[in-house]
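Below: one structure, written as structure tokens.
The values are calculated or read from the model by the stated rules, or taken from the named source; none is laboratory data. Note that the structure is a prediction, hence the values are computed from the model and not measured. We place every Cβ from the backbone using ideal geometry, glycine too, and count neighbours over all the protein chains shown. Surface areas here come from the heavy atoms of the whole protein model, side chains and all, with no ligands, DNA or RNA. Shrake-Rupley method; radii C 1.70, N 1.55, O 1.52, S 1.80 Å.
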Amino acid sequence: MTTNEQHDAQQAAKLYFSRNLLEWYHGQKRDLPWRRHRNPYYIWISEIMLQQTRVDTVIPYFNRFIERFPTVESLADAPEEDVLKCWEGLGYYSRARNLQHAAKQVKEQYGGQVPDDRDAVFALKGVGPYTAGAILSIAFNRPEPAVDGNVMRVLSRYFLIEDDIAKGATRIRMERLAAELIPEGEASHFNQALMELGALICTPKSPRCLPCPVMEHCSARLSGCETSLPVKTKAKPPRPEERLAALVEGRGAHAGRVLIRQRPQSGLLARMWELPHFPAQPAEGGASGALLPESAAQDRLRRSLLQAGIFARPEGHWMAAEHTFSHIVWTLQVYRCREEAALPLAAEGRAGYAAASAADPAGSSGLFAGEAAAAERFADGAGNPEDAGAVRWISRSDMANYAFPNVFLKLLNAYFDEQESGAE
């Protein structure tokens, strides 16, 4: 085949792809709430939520979010705590913070109207090439490519592209190709069709080639390598980290409540609420990741709680839990702890966030040596302000007022379920 013939064949394959994909989409597209209008604010929210999250999971969150924050201005003006609470359980909380920051940009710079200018959209906090392309094409029908993992998988297979999609150069190539495929005046529908094909038909492990609307000219299928594409360098696995967590049960005035603390003002899960937890060093002489013996774990946890200004005594292992981030996996060993009768923590106090590596030896009973001094130091919120976090005693009904990472939300619900079933 001559060069001209190859070029003509490729152009024919592109035309076939675009025409058949659009026809399929108009007949098969899912009824999703953000597709029922062209409101750029709603489309923007849906695209941020859909990052790293399945459609079925996003739908109820999306509906609740736009009910609570129906306009850019309402999101921009809301307390951050309300935004995080509405996002609770969806994960990747920096998305919510960036979204609110960008809403403030839109309110201040564009009068609350999402701009349809490429440079302006790109300048919004948390908006990258894919999200910008999705907003501009879906909401404004601008011929901008919107290339995510689904789209790169489809294009890799159809055009038999064997470049590593984890590389920036490959993404740029895919964006150029996707832009060439957009039929005139059909950017909104076409980009959604590409996403839909990747989500429903051209799936990662078991592509459904028979019902695929573009199977006839799919180069990977014709070559028998559809399951081996796309090529992607494996990401470094997340680092495991074992932690000791304290479920501190209140006594006296705090009976029926448990202690939570707020994370630091910046960094991982910033300003969210959690059960107090601390790194658990491996057992002496044990292999990497080996858990501390029960007594040693409880001793270490009590010392860490003391160092954080929390006076509680571990009374036994309750359960294990896991929380996965992109770069780290927490394995939490959760211990039920009892609030100490002496030196109780103030209900609205503050405690040091950083855990200490050691404390004074414990006596046979009562408080550790040095606890009285520590109590005085933390009673009025003194200490390093960067390591200080608010603490609260909460009941189940109080949970509605605080935003928790999903793992702590599940742990707290499990605890209160257990308490309620035991009371029956």
Subject >> Euclidean distance of C-alpha centroids, the range 4-78 and the range 201-248, integer Å >> reply: 20
Original post:
For the chain, the longest stretch holding no trypsin sites (Lys or Arg not before Pro) located in a DSSP loop with at most 12 other Cβ atoms within 10 Å is which?
Top reply: 235-424
**OP:** Under 14 Å from the Cβ of Val127, count the other residues' Cβ atoms, weight Lys and Arg +1, Asp and Glu -1, and hand me the total.
**Re:** -1
**OP:** Please build a GNM for the chain, connecting alpha carbons under 10 Å apart, and tell me which residue among Phe325, Phe62, Phe190 fluctuates the most.
**Re:** Phe325
**OP:** Place a label point 7 angstrom from the Cα of Leu222 along the Cα-to-Cβ direction, then list the residues of the range 173-215 whose backbone nitrogen is under 17 Å away.
**Re:** 209-210, 212-215
**OP:** Give, as a single signed number, the net charge of other residues whose beta carbon lies under 12 Å from the beta carbon of Ala166, with Lys and Arg counted +1 and Asp and Glu -1.
**Re:** +3
**OP:** Pop the C-beta distance of Lys236 and Asn406 into the FRET formula with R0 = 35 Å and round what comes out to the nearest 0.05.
**Re:** 0.90
Subject >> Relative contact order of the chain, defined on C-alpha pairs under 8 angstrom at six or more residues apart (%) >> reply: 14
Subject >> Å² per residue, accessible surface of the range 59-103 at 1.4 Å >> reply: 39
Subject >> Probe 1.4 Å - accessible area at Val329, Å² to nearest ten >> reply: 20
Subject >> Heavy-atom SASA rank of Asp148, Asp82 (probe 1.4 Å, accessible area, largest first) >> reply: Asp82, Asp148
Original post:
How about Lys125: which lysines have a C-alpha closer than 26 Å to its C-alpha, ignoring those fewer than 8 places off in the same chain?
Top reply: Lys85, Lys104, Lys107, Lys167
Subject >> Solvent-accessible surface (1.4 angstrom probe) belonging to His26, in square angstrom, nearest 10 >> reply: 100
Original post:
Among the aspartates and glutamates, which have Cα under 20 Å from the Cα of Lys234 when same-chain residues fewer than 8 positions away are ignored?
Top reply: Asp148, Glu162, Asp163, Asp164, Glu226
Original post:
Expressed as a whole percentage, what fraction of the accessible surface of the chain belongs to carbon and sulfur atoms when a 1.4 Å probe is rolled over the protein heavy atoms?
Top reply: 49
Subject >> Among Leu21, Leu177, Leu32: highest mean-square fluctuation, GNM of the chain, C-alpha pairs under 10 Å >> reply: Leu32
Original post:
Taking the Cβ-Cβ separation of Arg338 and Lys104 as r and a Förster radius of 45 Å, what is the calculated FRET efficiency to the nearest 0.05?
Top reply: 0.55
Original post:
Straight-line reach from Lys14: which lysines have Cα under 22 Å away, leaving out those fewer than 8 places along the same chain?
Top reply: Lys29
**OP:** With springs connecting C-alpha atoms under 10 Å apart, model the chain as a Gaussian network and identify which of Gln11, Gln51, Gln298 has the largest mean-square fluctuation.
**Re:** Gln11
Subject >> Value of [θ]222 nm, deg cm²/dmol, for the chain, DSSP H segments ≥ 4, -39500 (n - 2.57) each, nearest 500 >> reply: -13000 deg cm²/dmol
Original post:
How much area per residue is accessible in the range 132-188 when the probe is 1.4 Å and only protein heavy atoms are counted (Å²)?
Top reply: 39
